[in-house]
Structures are given as structure tokens and as C-alpha cells.
């Protein structure tokens with residue numbers, strides 16, 4: 001019966017698939033590339049090479065094809081963020097919830113990004129990654145630290161995740177699929 005369902009889904013995807021574009025942003029070492037690998041069905045590896053510039057990967061969830069732009073988080077690449085966010089269906093902003101030293105910088109970069117007129121109205125999902133670490137902030141703390149309640153010109157959601165443990169990865173995919181239009 002499983003093969004029949006897979007065949008049915010494949011045939012449906014030929015005629016009724018939806019395309020969407022998303023951008024993954026965040027400071028270096030927040031876990032963007034690791035999350036993208038896990039979203040695509042791959043395994044977590046602790047020795048990921050930092051993204052230099054950008055990379056693109058396609059992820060399929062049901063009948064939704066998601067083109068994911070993974071942008072480098074080093075200071076020299078942050079000026080490119082706006083360009084790759086224009087016209088996307090959603091922005092994923094990943095923060096390292098176990099590194100309090102970077103959260104204020106992440107907040108400043110996030111606030112600068114969502115203040116761009118060209119990105120107005122694009123839904124944002126903030127992900128507090130690395131919740132498997134003992135000192136990681138919970139989702140309510142991430143919401144407060146990132147000042148997410150102050151953003152009122154778009155939908156903003158926040159999840160606590162662990163790319164390493166795959167915690168809430170399905171919820172991220174479901175959120176993304178809900179933004180496909």
C-alpha cells in the first residue's frame with residue numbers, strides 16, 4: 001500500500017505542486033547550514049564548513065518545492081541579506097539560543113533587516129537553535145531578547161529548535177508549507 005501512496009503523491013506533484021522561495025539568515029555559527037541539511041532530509045554533522053557568500057538547496061515537503069537560500073552570517077555578507085530576501089515567501093532568522101554574547105548583535109541585525117521597506121510584509125520565522133545545549137534560552141526568552149513583539153508590520157513566529165536533535169524541525173517545515181501561495 002505504501003508504494004501506491006508514493007505513486008499517488010508523485011502523480012499529484014506533477015500537476016499540483018507549489019513553488020516557494022525562502023531565505024535563511026543569522027549570524028555565523030547559528031546553525032543555518034546544519035538546519036538546511038536536516039530540513040532536506042540529511043544528517044546533522046558537527047563539522048559543517050561556514051557558508052561563504054551564499055548557497056542554494058531545494059527541499060520538497062509534500063507538494064511544495066522550497067528553494068532555500070542559505071546566506072553567510074559573517075559581517076561582510078550581511079549587506080547582501082536584503083537583496084536575497086526581496087520577493088521571498090518567508091524569511092527564517094536563526095539565532096544561537098545558547099550563546100548570549102551573540103544574541104544582542106543578532107537582535108540589531110534582525111531589527112535592521114525587518115525595517116527595510118523592500119521587505120515589508122514578508123513573514124518571518126525566528127528560530128532559537130541549539131536548544132539541546134544546557135544553557136540555551138527557551139522560546140519566551142528568545143522572543144523577549146529579540147524584541148519580536150515590537151514587529152507589527154508582518155507575521156512573526158518563533159520556535160525553539162535543535163537541528164542536531166531534529167527538535168521541532170517538522171514544525172518548521174509545516175510553518176513553511178503554510179506560507180506557500
| What about residue 67, is it modelled with pLDDT of 85 or more, over 17 Å from residue 93 (Cβ atoms) and surrounded by 15 or more Cβ atoms within 10 Å (Cβ to Cβ)? | yes
| remark: residue 77 vs (1) assigned to a helix (DSSP H, G or I); (2) within 15 Å of the chain's Cα centre (by Cα); (3) farther than 25 Å from residue 166 by Cα: all pass except (2)
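One line per residue, one yes/no per condition, for (1) closer than 19 Å to residue 155 by Cα; (2) free of Cβ contacts under 8 Å to residues at least 60 places away in the same chain; (3) in contact with a helix residue (DSSP H, G or I) (Cβ under 6 Å, 6 or more places away or on another chain):
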residue	(1), (2), (3)
95	yes, no, yes
111	yes, yes, no
115	yes, yes, no
131	no, yes, no
135	no, yes, no
| query | Can you name the condition, by its number, that residue 84 falls short on among (1) at positive phi; (2) under 16 Å from the mean Cα position of the chain (by Cα)? | reply | (1)
| note | Expected single match for surrounded by fewer than 17 Cβ atoms within 10 Å (Cβ to Cβ) and closer than 23 Å to residue 56 by Cα among 109, 82 is 82
| query | Could we say that residue 91 is surrounded by fewer than 22 Cβ atoms within 10 Å (Cβ to Cβ) and either closer than 15 Å to residue 35 by Cβ or modelled with pLDDT of 95 or more (or both) here? | reply | no
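The values are calculated or read from the model by the stated rules, or taken from the named source; none is laboratory data. Here the structure is a predicted model, which is why all the values come from computation and not from measurement. In this analysis, Cβ positions are derived from the backbone assuming ideal geometry, glycine residues included, and neighbour counts consider all displayed protein chains.
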